[in-house]
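Reading through the structure tokens given below for one structure.
All of the numbers you see were taken from the coordinates with simple rules; none came from a lab. Keep in mind that this is a model prediction, so the values were computed, not measured. Neighbour counts run over all protein chains shown; Cβ positions are idealised from the backbone, glycine included.
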Amino acid sequence: MNSTNKIPMHRIWLSLLLVVLLSACGDDHSDHGTNGHGHGHDEAAEAEPEKGPHRGRLFKAGNFTLELAIFETGVPPEFRAWATNNGNALSPDNVKLNIKLTRLGDKIDDINFAPQGDALRGDTVIYEPHSFAITINAAHNGVTHTWQYDSFEGRTRIETTVAEALAIGTAVAGSVVMQKTISVYGQIAPNSEQLRSITARFDGAIQSVLVSQGEQVRKGQKLATIESNESLQRFTITSPISGVISLRDANVGEQTNSRQLFTIMDSRSVWAELSVFPTDLAQVKMGASVTITDTTSGYQAKGKVSRINPLAEADQSVKVRVVLDNKKGQLRPGRHISANITVGEHTAALAVKRSGLQAFRDFTVVYAQIGEEYEVRMLELGLQAGEWAEVLGGLEPGSRYVSENSYVIKADIEKSGAAHDH
């Protein structure tokens, strides 16, 4: 099986732990309301709210009936209401209506209504998520009628101990300096400035060879002995540097014939040779920071652009070189790599980690955390670079959100049967 298709073990364990722990919590998520947007764990057992001719929810008190709907045809979402008495439509001028929406964190949207045509129109946009406790106060003929219900969406509660066991990580949304990067590919190559080609000073017969190809040698170590053809004296060839024997072309009894006998490579420093295409080349500058990733092992290293080749390759790409520290020996010449070259900076007034992003309905969201409750925040995103995504709308600065293992929250909300019913 291709390793890229394997699910990381930590995700498997977390998924199993999620099933066990959330099942242990049972289905008593009372804050998943079962009205309006309601999608509680017991929603299937609840009766569908009665709807009126405008597809709004009906609220009744004696002979007085109020129909309430979220209207969003050609306008941002807003409340519209219609009232009847004994089944007869009431003029909106004869009804006073106020609605208070209590959102997660006890923030209250106070909505007043004014007549528009045959309806009462709310004066406030109902921004996403449409998740709140609703209090309705409607007055007619000196009598005030009050109703309350929960209309929760994309919300769940997870106990702190369970969240810790599931490794749910959080962060606070704020300003971030984002690194704008371009993605390129290439290979690890030997640092030719750290290569030594070794020949015999005098031609002669090879008497002994003391090392093998691939062997690690130290500076001054004996490599071979040669008997000079002219003086018949023996002399020793030693290594000028510490490194690895990358080539050995010397065997006992052979003549040296002025050829290269050994190549020694000091692999503690290697090159990343990256292919940059013309559309991106103008953005790449000398000294730019680069992060490379070995596509085989996943090992990462950082360096800076040290050379931009003045000549183009046959495919019109240009080679860009990065010198990399390889004292740990993780970067092997010949390996294929991917790389991100930093080409600029962007200060985002508000950003979140991309690891926290999830899909919810037609939105990209993060899950805000308040206490033990989590709720979707629909985001308007700007630049995405590296680990960060710029937020242009949908989240308040200073909000704590789920940055790690957010799929756990998504799974629990989906388990509850999230809905969006106006």
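Amide H to amide H distances under 5 Å link Trp388 with Arg354, where only residues 5 or more positions off or on other chains count and H is placed in the peptide plane.
Here's how it looks for Asn191: its modeled amide H is under 5 Å from those of Trp271, which are all 5 or more places away or on a different chain. The charge dipole of region 43-153, taken about the Cα centre with unit charges on the Cβ atoms of Lys, Arg (+1) and Asp, Glu (-1), comes to about 320 debye, rounded to the nearest 20. Among Ala205, Ala349, Ala119, the largest mean-square fluctuation in a Gaussian network model of the chain, built with springs joining Cα atoms closer than 10 Å, belongs to Ala205. Among Ile241, Ile70, Ile168, whose mean-square fluctuation peaks in a Gaussian network model of the chain (Cα, cutoff 10 Å)? Between Ile241, Ile70, Ile168, it is Ile241 that shows the largest mean-square fluctuation. When both region 313-349 and region 352-374 are represented by their alpha-carbon centers, they are found 32 Å apart. Answer with a single label: of (1) 28, 57, 15, 0; (2) 19, 33, 24, 14, 7, 2, 0; (3) 25, 60, 15, 0, which was calculated as P(r) over Cα pairs in 20 Å bins from 0, in percent from the structure in view? Checking each listed value against the structure points to (2).
Between region 234-248 and region 162-197, what is the separation of their alpha carbon centroids in Å? Here the two parts' Cα centres lie 37 Å apart.
For the chain, the longest principal axis of the C-alpha atoms and the axis of helix 9-24 are separated by about 20°. At an R0 of 45 angstrom, the distance between the Cβ atoms of Lys51 and Glu387 translates into a FRET efficiency of 0.50. Label-to-label distance, Ser297 versus Ala312, with points set 7 angstrom from Cα along the beta-carbon direction: 3.6 nm. Working from label points 7 Å from Cα in the Cα-to-Cβ sense, the Lys96 to Glu193 distance is 8.2 nm.
Available extension along the chain between Lys327 and Ser355 is 7.0 nm, counting 0.36 nm per residue and deducting the alpha carbon span.
Given R0 = 25 Å, the distance between the Cβ atoms of Trp147 and Asp109 translates into a calculated FRET efficiency of 0.90.
The per residue volume of the convex hull around the alpha-carbon atoms of region 193-265 is 71 Å³. GNM remark for the chain: springs join alpha carbons under 10 Å apart, and the peak mean-square fluctuation among Phe79, Phe132, Phe64 falls on Phe64. Only one residue of Asn85, Gly74, Leu101 has its Cα farthest out toward the positive end of the dipole of region 43-153, where Lys and Arg carry +1 and Asp and Glu -1 on Cβ, and that residue is Asn85. Cross-link check: pairs Lys222/Lys327; Lys353/Lys415; Lys219/Lys328; Lys285/Lys353; Lys180/Lys304; Lys180/Lys302 evaluated at a Cα-Cα cut-off of 22 Å; pairs beyond the cut-off: Lys222/Lys327; Lys353/Lys415; Lys285/Lys353. Relative to one another, the C-alpha centroids of region 199-231 and region 67-146 are positioned 94 Å apart. Each Lys and Arg contributes +1 and each Asp and Glu -1, all at the Cβ; summed about the Cα centre of the chain, the dipole is approximately 2340 debye.
Going from the fewest other Cβ atoms within 10 Å to the most, the residues Lys327, Lys410, Lys302 appear in the order Lys327, Lys302, Lys410.
Here Ala167 and Phe202 are evaluated by their C-beta separation; at R0 = 51 Å the FRET efficiency comes out at 0.15.
The lysines whose alpha-carbon is closer than 20 Å to the alpha-carbon of Lys100, local same-chain residues fewer than 8 away aside, are Lys60. Straight-distance candidates among the aspartates and glutamates for linking to Lys51, with alpha-carbon spacing under 19 Å and chain neighbours fewer than 8 residues away dropped: Glu43, Glu67, Glu72, Glu78, Asp118, Asp150, Asp421.
Working out 0.36 nm times the residue gap between Ala282 and Asn251, then minus their Cα-Cα distance, what length gain in nm do you get to one decimal?
Result for the pair: 6.1 nm of gain on full extension.
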